[in-house]
Amino acid sequence: MNDWDREFPAPAKLNLFLHVVGRRPDGYHLLQTAFRLLDHGDTLRFLPRDDGEVRAARSLPGVAETDDLTLRAARLLKGAGKVASGATILLNKRLPLGGGLGGGSSDAATVLLALNRLWGIDWTRRQLQELALKLGADVPFFIFGENAFAEGVGERLRPLRLPPAWYLVIEPGVSVSTREAFADSGLTRNTKAIRITDFSTAWGRNDLQSVVCARYPQVMRAVDWLARYGEARMTGSGACVFAAFSDEQAARSVLAALPATWHGWVARGLDRHPLYDWAR
């Protein structure tokens with residue numbers, strides 16, 4: 001198969017915990033978190049263009065072209081790699097905006113990984129991670145391509161071995177602004193930092209969860225409902241809520257009881273990004 005004919009996955013991520021441990025002088029928050037990849041997400045396709053333009057086949061509702069991370073990623077790579085060719089990007093969007101699942105960041109990373117090869121740039125993973133940081137703090141993780149213990153603003157990554165697990169994810173139907181969540185005056189910003197050796201999958205919390213639940217009752221209701229069946233936690237800056245299960249059947253039995261007002265799905269945890277081998 002010609003690589004241009006492929007469909008490229010952009011998997012979701014979960015934050016198994018998320019601690020805000022400080023703040024830099026420039027206002028960026030210092031974090032510690034555990035990223036887990038899921039076998040559920042968006043998909044992208046690319047069409048070559050001879051006119052050198054980078055375009056989206058269709059716009060994302062409510063997202064200006066200047067804010068579209070797929071276009072920003074492709075144009076950033078095109079300029080940095082001194083590429084004359086162009087591309088049309090076809091995005092099949094399954095992950096919700098403002099859901100805390102890293103959808104936009106994952107889309108951007110898949111653009112970088114795919115076009116790095118399709119355009120014949122052949123940059124290393126490290127080079128792509130450095131470029132990805134210009135697009136957002138979560139984008140380097142998806143280039144890194146493995147479950148990770150992350151520090152700094154999320155760019156300092158170390159591989160993290162995680163046991164097999166299935167996850168039920170609830171989409172409460174609201175979009176949470178990451179910027180507003182981190183700016184909330186009620187956010188705790190002094191959680192004690194830990195070492196990677198202290199981490200376990202049942203440990204920690206999401207420091208943003210309380211402030212988001214206070215702003216969005218739908219998120220609080222989803223947490224409360226899912227807590228009947230396991231350790232329920234918000235991912236990222238919200239709004240999605242998840243719980244881990246030891247097998248698919250257990251997760252799907254809870255999904256079957258999900259109130260009709262919410263959308264939910266079950267996904268398996270991955271060890272590596274499906275495009276891991278697309279960077280060296």
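Here are a few things to note about the model shown:
- Taking strands (runs of 3 or more DSSP E) as the structural unit, those lying wholly within segment 1-117 and holding at least 2 residues that are of a type in the set (Ser, Thr, Tyr) correspond to 29-49.
- Selected residue [in contact with a Gly (Cβ under 7 Å, 6 or more places away or on another chain), more than 25 Å from Val176 (Cα to Cα) and not basic (Lys, Arg)] from Gly52, Gly145, Gly81, Gly120: Gly52
- Sole exception among (1) touching a residue at least 12 places away in the same chain (Cβ under 8 Å); (2) farther than 16 Å from Leu187 by Cβ for Asp224, by number: (1)
- Residue count for segment 1-18, restricted to those that are surrounded by 24 or more Cβ atoms within 10 Å (Cβ to Cβ), more than 12 Å from Gly236 (Cβ to Cβ) and out of contact with any Gly (no Cβ under 6 Å at 6 or more places or on another chain): 0
- Check on Leu135, touching a strand residue (DSSP E or B) at 6+ places or on another chain (Cβ under 7 Å), within 21 Å of Pro11 (Cβ to Cβ), at pLDDT 95 or above and aliphatic (A, V, I, L, M): no
- Answer residue from segment 24-35, given it is surrounded by 14 or more Cβ atoms within 10 Å (Cβ to Cβ) and of a type outside the set (Gly, Ala, Ser) and is nearest to the chain's Cα centre (by Cα) among those: Phe35
- Lone unmet requirement of (1) out of contact with any strand residue (DSSP E or B) (no Cβ under 9 Å at 6 or more places or on another chain); (2) surrounded by fewer than 19 Cβ atoms within 10 Å (Cβ to Cβ); (3) at pLDDT 95 or above for Arg72: (2)
- Odd one out for Gly238, checked against (1) more than 20 Å from the chain's Cα centre (by Cα); (2) under 29 Å from Leu30 (Cβ atoms); (3) modelled with pLDDT under 95: (1)
- Some residue of segment 263-279 being touching a residue at least 40 places away in the same chain (Cβ under 8 Å), farther than 17 Å from Tyr167 by Cβ and touching a Lys or Arg at 6+ places or on another chain (Cβ under 8 Å): yes
- So Ala64, is it free of Cβ contacts under 8 Å to residues at least 12 places away in the same chain, surrounded by fewer than 16 Cβ atoms within 10 Å (Cβ to Cβ), among the aliphatic types (A, V, I, L, M) and more than 22 Å from Arg125 (Cβ to Cβ): yes
The values are calculated or read from the model by the stated rules, or taken from the named source; none is laboratory data. In this text, all values refer to a predicted model and were calculated from it rather than measured experimentally. Note that each Cβ is placed from the backbone with ideal geometry, even for glycine, and that neighbours are counted across all protein chains shown.
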